[in-house]
Structures are given as C-alpha cells and as structure tokens.
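S.K.: Before we start, here is the structure in question, set down as structure tokens.
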Amino acid sequence: MEMKIGVIKGDGIGPEIVDEAVKVLNKIAEVYGHSFSYTQLLMGGASIDANGVPLTDETLQAAKECGAVLMGSIGGDAKTSPWYKLEPSRRPEAGLLALRKGLNLFANLRPAVLYEELKGACPLKEEIADRGFDMMIMRELTGGLYFGKRSTQEEDGVLTARDELAYNENEIRRIAKRGFDIAMKRRKKVTSVDKANVLDSSRLWRKVVEETAKDYPEVALEHMLVDNCAMQLVKDPAQFDVILTENMFGDILSDEASMVTGSIGMLASASLNETKFGLYEPSGGSAPDIAGKGIANPIATILSAAMMLRYSFDLDREAQAVETAVEKTLRDGYRTADIMSEGKTQVGTKEIGDRICSYIV
Ligand code: IPM
Ligand code: MN
C-alpha cells in the first residue's frame, strides 16, 4: 500500500519523538511491504518562526492532500518563549485549533490503558491498580468553549471577559454516533459525561445522546456528571469503557486519565473527521524543559502512529504489530526516565525506538 503521510514535528520534544515514530513506520513498511512517503509540515512555534503565523493556508491545504498527519507536539514555555508575547490568535496553540477546525476533526479518541508492566507507575492504591483499566475517551473537538465567541471588554467600568459554550444537536449527534460505534467494537458501554444539572448545552447533549442510543440497543448507556467522573477516574477507573464528552470536559478528563496510566508519555490520540483522514498525536505537551536531551518518551507518538495505521489506512495487523512491540519492550524492562522504576533498564528516546523496531519482524 502507498500512503502519503504529513508530518508535523512541532516544538520542544516534538522532533525527537516524531523521529522515533517515523522509524517505526519505516520498519512496518519494510516488513509488511508498504510504501510511506512523508511531507514535512510546519505548525505551532516552528511555523511562527518561519512564517510569522502558527498555521498558513498553504500548510492546511498540504495537510488536506495527505492520507493522514502524524504530529509531535507544539508550544513552548509560556513564561520565557517569545511566542507567548504575541496576541492569543497568533500563538502556537491557535495553529492546532485552526488545524482541527480546518480539517473538521470533530472526534478525538484518547485511549487510556494501564499496561500490566506499568502497574508500578500507577499512582493509585494497589488494590485499584490491580484491577487494571482500559478506556477510550471520546472528546468532541471542534465545538464548545474552544470555538465559541469570546470577548474581553469594559462594561460599566468593569473589565469583563466572556467565552460562549454552544453546541447544536448535529454536532452532538455525530460525536455520539462515533462513540457508540467505537463502543460496539469494545465492551459495549458508553458513559456520557456532562453537567446537565447546571448547563443547557449539557441538557441538549444528554437528550441527543439518548436519542442516538436507540440505534445501539446492545450498548449500555449511562450518564455521569463531570465532577463525579473526575472522582470516579481515580476511585474506580475499571468501570469505564467509552467516555463520551464535550471538548473542555474531555480536555480535562483525558489529562487526569493519562496520569493514572503512569505517564502522559504513554497516551496516544487520534482526531478524526467524517472521512478516513486523521491527525495523530501524543496527548502530552512539548515539554520544553527536557527538549533536545534525548530522554523524552516516544511511546505515545509511536502508539499514535499505530492508531494511524488502524483508523486511516485500515492496516489492523500492522497496528497490532506496533502495539505488541511496545508491550514486549516494556516486558523486557526497558523504560524511559518518566516511567522508570527499580530494577528496570533506563534508556533514551532513540534506544527505546530501536528496541520497539527490533520486535517488528
Ligand atoms: C490538548 C491540548 C490542547 C487542547 C491545547 C494545546 C490547545 O491541551 O490537545 O489536549 O486544549 O485541546
Ligand atoms: Mn489538553
């Protein structure tokens, strides 16, 4: 199979972790007889430095011409980087939001799995960690507070800021359908998370999710308030299969879920639209404090590349091969600094990438 992959290395640790994922993809191509070509795309801080804006129209267009885009991470240190002296619409993050919107990537999938080998890194009590967990957070990605009207102005002499949270029924229905579709391939349970005891947007969310559920009689649906969900994630994460939620709640809950897996360096993600196209990126940030040191954990990016093989290219066997190679590497005791524990072998970014490749045969 021939595939054109867009690559956004990004800022901070982005280039280092993307290099390892590309190494793994090349190994897959070699072993399974595919041909992947790569188009480098600039977004975030790197694009600000080169073009003055975090995303150009040309880059957006070039991304659309690829079968999928693999991304590292963007942004810098908000205190020291000159990028954060720019107005908000010109900062690195604005490029990511424009890319999500421009490609209509409304469905964000963030799997949070506690690997058997990493149970020791899980910060939860042993009896909770022992039960393990395997959940998929489905976050709506192109609506809600992130894309509503904003303003900051003086009103009657008082500085007042506003951010609008709006969802229409169509936006809710399409992400809900995706959530139920994914649940059908998993353990057939959806927990829809909202704040329906306070917000109108959540009440509409709940109504549309309930309507959608009628088409999926095999899936068990429950509703959970977001504050309770935040608590349940640390109390009993094993109860979750698919968590379906709006943009802002999903942002917050997915960071929490990542932390209970042991490290945010393990969490992959896929952002999908109505077609096979997807943007694949680790859930973690650009970690400027460790950039260039060769110690960053590339596993989340490698697992994101596996999601790309599965969701954009329908290469399930190849995706599984990458995931198995990651598990074997962990089982053999190799760890980057963030997931290091006693008795294991600490290695750098490149070495762990090499180890993973060596298991793809
Ligand atoms: C994420 C990030 C982004 C978000 C930021 C960088 C805008 O935190 O992908 O979760 O809030 O969506
Ligand atoms: Mn986030």
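The values are calculated or read from the model by the stated rules, or taken from the named source; none is laboratory data. As the structure is a computational prediction, the values presented were derived from the model and not from experiment. Counting neighbours? That spans all protein chains shown, and the Cβs are built from the backbone with ideal geometry, glycine included.
S.K.: Among the residues of segment 2-27, which ones are buried (at least 23 other Cβ atoms within 10 Å of the Cβ) and in a helix (DSSP H, G or I)?
M.R.: Gly14, Glu16, Ile17, Val18, Glu20, Ala21, Val24, Leu25
S.K.: Only one of Asp77, Asp11, Asp49, Asp57 is out of contact with any strand residue (DSSP E or B) (no Cβ under 9 Å at 6 or more places or on another chain) and either of a type in the set (Gly, Ala, Ser) or closer than 18 Å to Arg100 by Cβ (or both). Can you tell me which? Steps first, answer last, please.
M.R.: Numbers: Asp77 fails: either of a type in the set (Gly, Ala, Ser) or closer than 18 Å to Arg100 by Cβ (or both); Asp11 fails: out of contact with any strand residue (DSSP E or B) (no Cβ under 9 Å at 6 or more places or on another chain); Asp49 fails: either of a type in the set (Gly, Ala, Ser) or closer than 18 Å to Arg100 by Cβ (or both).
On inspection, the qualifying residue turns out to be Asp57.
S.K.: Does segment 302-335 hold any residues that are surrounded by fewer than 21 Cβ atoms within 10 Å (Cβ to Cβ) and of a type in the set (S, T, N, Q), and which are they?
M.R.: Answer for segment 302-335, where residues must be surrounded by fewer than 21 Cβ atoms within 10 Å (Cβ to Cβ) and of a type in the set (S, T, N, Q): Gln320, Thr324.
S.K.: Let me spell it out: the conditions are (1) within 23 Å of Ala306 (Cβ to Cβ); (2) surrounded by fewer than 22 Cβ atoms within 10 Å (Cβ to Cβ), and Gly148 meets all of them except one. Which number is the exception?
M.R.: (1)
S.K.: Can you confirm whether segment 127-134 contains a residue that is more than 24 Å from Ala196 (Cβ to Cβ), within 22 Å of the chain's Cα centre (by Cα), assigned by TED's automatic domain parsing to the domain that holds Ser192 and surrounded by fewer than 17 Cβ atoms within 10 Å (Cβ to Cβ)?
M.R.: Of all residues in segment 127-134, those more than 24 Å from Ala196 (Cβ to Cβ) come to 127-134.
Next, from what is left, pick out any that are within 22 Å of the chain's Cα centre (by Cα): 132-134.
Subsequent filtering for residues that are assigned by TED's automatic domain parsing to the domain that holds Ser192 retains 132-134.
When the remaining residues are screened for being surrounded by fewer than 17 Cβ atoms within 10 Å (Cβ to Cβ), the result is 132, 134.
Checked against the condition, which is being more than 24 Å from Ala196 (Cβ to Cβ), within 22 Å of the chain's Cα centre (by Cα), assigned by TED's automatic domain parsing to the domain that holds Ser192 and surrounded by fewer than 17 Cβ atoms within 10 Å (Cβ to Cβ), segment 127-134 yields at least one hit.
S.K.: Would you mind finding the one in Val198, Val209 that is at negative phi and either within 16 Å of ligand 2 (Cβ to nearest atom) or not in a helix (DSSP H, G or I) (or both)? Full working, then the answer.
M.R.: Values: Val209 fails: either within 16 Å of ligand 2 (Cβ to nearest atom) or not in a helix (DSSP H, G or I) (or both).
Testing whether each residue is at negative phi and either within 16 Å of ligand 2 (Cβ to nearest atom) or not in a helix (DSSP H, G or I) (or both) leaves just Val198.
S.K.: Please verify whether Met259 is surrounded by fewer than 24 Cβ atoms within 10 Å (Cβ to Cβ), within 15 Å of ligand 1 (Cβ to nearest atom) and farther than 15 Å from Arg139 by Cβ, treating the condition exactly as stated.
M.R.: Working: surrounded by fewer than 24 Cβ atoms within 10 Å (Cβ to Cβ): yes; within 15 Å of ligand 1 (Cβ to nearest atom): yes; farther than 15 Å from Arg139 by Cβ: yes.
Yes; evaluated as a whole, the condition is true for this residue.
S.K.: Restricted to segment 243-280, and to residues that are outside any helix (DSSP H, G or I) and within 11 Å of ligand 2 (Cβ to nearest atom), which residue is modelled with the highest pLDDT?
M.R.: Residues of segment 243-280 outside any helix (DSSP H, G or I): 243-246, 261-263, 267-280.
Checking which are within 11 Å of ligand 2 (Cβ to nearest atom) leaves us with 267, 269.
Details: Leu267: 90, Ser269: 96.
Looking at the filtered set, the residue picked out is Ser269.
S.K.: Give the residues of segment 289-318 that are of a type in the set (Gly, Ala, Ser) and closer than 18 Å to Gly6 by Cα, sorted by residue number.
M.R.: Filtering segment 289-318 for residues of a type in the set (Gly, Ala, Ser) gives 291-292, 294, 296, 300, 304-306, 312.
If the condition is that a residue be of a type in the set (Gly, Ala, Ser) and closer than 18 Å to Gly6 by Cα, then Ala300, Ser304, Ala305, Ala306, Ser312 are the ones that fit.
S.K.: Scan the helices (runs of 4 or more DSSP H) fully inside segment 37-147 and keep the ones with 3 or more residues being touching a Lys or Arg at 6+ places or on another chain (Cβ under 9 Å) and within 16 Å of ligand 1 (Cβ to nearest atom). I'd like the intermediate steps shown before the answer.
M.R.: On the way: elements: 45-51, 57-64, 92-102, 126-129.
Counting at least 3 such residues, we get 45-51.
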